[in-house]
Amino acid sequence: MTSSDRSQAVDVNRTYEVRTYGCQMNVHDSERLSGLLEDAGYVRAPKDADGDADVVVFNTCAVRENADNRLYGNLGRLAPMKTKRPGMQIAVGGCLAQKDRDTIVKKAPWVDVVFGTHNIGKLPVLLERARVQEEAQVEIAESLEAFPSTLPTRRESAYAAWVSISVGCNNTCTFCIVPALRGKEKDRRSGDILAEIEALVGEGVSEITLLGQNVNAYGSDIGDREAFSKLLRACGRIEGLERVRFTSPHPRDFTDDVIAAMAETPNVMPQLHMPLQSGSDPILKAMRRSYRQDRFLGIIEKVRAAMPDAAISTDIIVGFPGETEEDFEQTMHVVREARFTGAFTFQYSKRPGTPAATMEGQIPKEVVQSRYERLAALQEEISWEENKRQVGRTLELMVAEGEGRKDGATHRLSGRAPDNRLVHFTKPDAEVRPGDVVTVEVTYAAPHHLLAEGAVMNVRRTRAGDAWEKRNAEAAAKPAGVMLGLPKIGAPAPLPVAAGSGCGCD
């Protein structure tokens with residue numbers, strides 16, 4: 001933020017709320033939006049504010065057919081509150097804002113700011129300009145103004161962090177609108193990425209997730225096909241960095257050097273999210289996916305040979321235009337062969353602006369639903385069988401915050417295994433903080449989680465746990481923003497984030 005921007009900083013008690021929809025890119029962008037607003041003097045509203053804030057920001061997703069209906073429904077619920085609350089502002093950003101632009105203000109004239117995926121750094125300035133000029137500000141950049149990682153960031157976690165290595169995508173998948181909204185791939189310099197990771201580790205972060213729309217295509221800007229594997233190995237040399245993950249890769253760019261780097265770098269976790277989308281060669285061709293069934297299963301085989309304990313998950317689209325029963329059975333075949341730990345399955349829905357939206361052979365809803373249910377049942381069975389293989393294993397868990405909804409009632413805590421499986425474990429007598437590491441033995445398996453019901457075998461206090469403790473102490477000591485106490489409006493909570501890109505386009 002420039003000195004002139006800082007001179008327009010708002011009153012310290014002015015509160016904000018950011019609502020996030022869609023993929024990890026959006027989640028990380030929302031951390032930046034929060035950082036920008038706090039840098040400008042805003043105070044985060046309590047988690048239960050539910051619209052009771054001076055500024056409400058929607059960070060939108062455009063990959064579902066009804067994304068605009070969801071947005072305008074939420075905006076409509078805020079309209080009466082805005083009428084009753086002088087000075088309240090509403091901003092809309094993200095992929096849907098990039099796509100719809102002026103349409104948002106026409107449909108919801110009470111919106112104050114519309115900004116796109118390329119200029120999120122302008123939000124505080126646009127809010128101030130809308131307040132002073134008393135009219136809506138719509139500013140959509142056509143290309144990236146500055147790499148977002150240069151912006152202030154309010155990290156949601158003290159012990160784990162997203163680190164963007166690229167933005168945009170060079171693929172042309174027929175079901176995906178993301179390249180049109182986020183642009184062509186732009187890579188960060190590896191030195192900047194590693195400097196950010198080292199700074200995060202210095203603050204207490206012990207786990208990072210490298211983030212890109214097509215993360216393993218990193219290096220395409222400079223023509224280095226091994227740039228991603230080199231980056232993974234460089235992460236392995238950062239002292240204090242205990243866990244490295246990445247999402248989401250594309251099978252086209254998943255080369256042998258990446259598999260070797262994963263297997264040979266101790267802090268790169270044995271976890272892989274590899275989007276399949278379909279097991280049918282004709283459907284993959286119609287999707288403009290550059291691999292076929294044999295290539296995909298070959299990658300899985302190589303990964304398992306190098307890392308026998310790797311947990312592999314995927315994304316699958318059911319009911320793509322033209323999908324026959326035989327095509328669907330090929331997807332079921334790949335699921336049986338690959339034995340994914342978990343799968344994020346999506347019923348195909350038209351993405352306005354994509355080639356697939358106008359393709360012939362759109363599948364009837366009842367057929368898509370039936371196939372979806374059959375696939376979900378098969379994957380549930382496989383997930384449970386694969387989790388049962390974990391019973392009796394001794395695992396090191398990084399204690400997580402807020403991942404066990406029943407932890408309070410069951411007197412348990414929750415953590416993530418190296419392969420990212422969720423494990424609920426008996427709360428030990430010793431103090432355990434998020435970011436600390438515990439050693440447990442798995443005693444029970446469910447399809448989507450594991451239990452360790454015996455005594456915790458070891459507790460290792462970490463710098464990440466110290467960072468979590470410090471952050472919470474500072475938050476408790478900081479006075480909360482002044483809320484006006486207006487009634488809640490009952491807007492729905494954001495949709496859960498998928499493990500892949502969330503757009504099914506990787």
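The values are calculated or read from the model by the stated rules, or taken from the named source; none is laboratory data. Everything numeric here is computed off the predicted structure, so don't read it as measured data. We place every Cβ from the backbone using ideal geometry, glycine too, and count neighbours over all the protein chains shown. Ligands, DNA and RNA are excluded from the accessible area calculation, which covers all protein heavy atoms including side chains. Shrake-Rupley method; radii C 1.70, N 1.55, O 1.52, S 1.80 Å.
Side notes on the structure shown:
Listed here are the residues, each with its yes/no results for (1) at pLDDT below 95; (2) surrounded by 22 or more Cβ atoms within 10 Å (Cβ to Cβ).
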{"residue": "Glu196", "(1), (2)": "yes, no"}
{"residue": "Gly212", "(1), (2)": "yes, yes"}
{"residue": "Ser220", "(1), (2)": "yes, no"}
{"residue": "Leu241", "(1), (2)": "no, no"}
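- Filter result (open to solvent by less than 20 Å² (accessible area, probe 1.4 Å), within 30 Å of Leu450 (Cβ to Cβ) and not small (Gly, Ala, Ser)) within segment 308-361: Ile312, Thr314, Asp315, Ile316, Ile317, Val318, Thr331, Met332, Val334, Val335, Phe340
- Residues that are among the aliphatic types (A, V, I, L, M) and touching a Ser or Thr at 6+ places or on another chain (Cβ under 6 Å), drawn from segment 182-214: Leu211
- Checklist (1) out of contact with any Pro (no Cβ under 8 Å at 6 or more places or on another chain); (2) modelled with pLDDT of 90 or more applied to Asn171, failing item: (1)
- Residue count for segment 82-105, restricted to those that are surrounded by fewer than 21 Cβ atoms within 10 Å (Cβ to Cβ) and either assigned to a helix (DSSP H, G or I) or at pLDDT below 85 (or both): 7
- Residue ID - surrounded by the fewest Cβ atoms within 10 Å (Cβ to Cβ), chosen from residues in segment 396-411 that are in contact with a Leu (Cβ under 8 Å, 6 or more places away or on another chain) and not in a loop (DSSP other than H, G, I, E, B): Asp407
- Residues of segment 362-384 classified as in a helix (DSSP H, G or I), touching a Pro at 6+ places or on another chain (Cβ under 8 Å) and open to solvent by less than 50 Å² (accessible area, probe 1.4 Å), total: 1
- Exclusive hit being crowded, with 20+ Cβ neighbours inside 10 Å, at pLDDT below 90 and in contact with a strand residue (DSSP E or B) (Cβ under 9 Å, 6 or more places away or on another chain), set Ile140, Ile120, Ile177: Ile120
- Residue that is farthest from the chain's Cα centre (by Cα) [pool: residues in segment 417-436 that are of a type in the set (Asp, Glu) and open to solvent by less than 20 Å² (accessible area, probe 1.4 Å)]: Asp436
- Residue within segment 246-255 that is aromatic (Phe, Trp, Tyr), in contact with a strand residue (DSSP E or B) (Cβ under 7 Å, 6 or more places away or on another chain) and either part of a helix (DSSP H, G or I) or crowded, with 22+ Cβ neighbours inside 10 Å (or both) present: yes
- Selection within segment 291-307 - open to solvent by 10 Å² or more (accessible area, probe 1.4 Å) and free of Cβ contacts under 8 Å to residues at least 40 places away in the same chain: Arg292, Asp294, Gly298, Glu301, Arg304, Ala305
- The lone exception for Ala67 - which of (1) modelled with pLDDT under 80; (2) open to solvent by 20 Å² or more (accessible area, probe 1.4 Å) it fails: (2)
- The lone exception for Val391 - which of (1) open to solvent by 20 Å² or more (accessible area, probe 1.4 Å); (2) touching a residue at least 40 places away in the same chain (Cβ under 8 Å); (3) in a loop (DSSP other than H, G, I, E, B); (4) over 30 Å from Gly435 (Cα atoms) it fails: (4)
- Here Asp39, Asp48, Asp52 are screened, and the one residue that is under 29 Å from Arg155 (Cβ atoms) and modelled with pLDDT of 85 or more is Asp39.
- Test: residue in segment 257-272 that is open to solvent by 30 Å² or more (accessible area, probe 1.4 Å) and at positive phi: no
Table: residues versus (1) of a type in the set (A, V, I, L, M); (2) over 30 Å from Lys99 (Cα atoms).
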site: Met274; (1), (2): yes, no
site: Ser290; (1), (2): no, no
site: Thr324; (1), (2): no, yes
site: Ala343; (1), (2): yes, no
site: Phe346; (1), (2): no, no
site: Lys350; (1), (2): no, no
site: Ala357; (1), (2): yes, no
site: Glu373; (1), (2): no, yes
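- Picking from residues in segment 39-57 that are among the charged types (D, E, K, R), under 18 Å from Gln89 (Cβ atoms) and out of contact with any strand residue (DSSP E or B) (no Cβ under 7 Å at 6 or more places or on another chain), the one that is surrounded by the fewest Cβ atoms within 10 Å (Cβ to Cβ) is Asp39.
- Within segment 106-118, the set of residues being part of a loop (DSSP other than H, G, I, E, B) and in contact with a helix residue (DSSP H, G or I) (Cβ under 6 Å, 6 or more places away or on another chain) comprises Ala108, Trp110, Val111, Asp112, Gly116, Thr117.
- Residue match in segment 227-240 (condition: outside any helix (DSSP H, G or I), more than 27 Å from Gly415 (Cα to Cα), touching a strand residue (DSSP E or B) at 6+ places or on another chain (Cβ under 8 Å) and not β-branched (Val, Ile, Thr)): no
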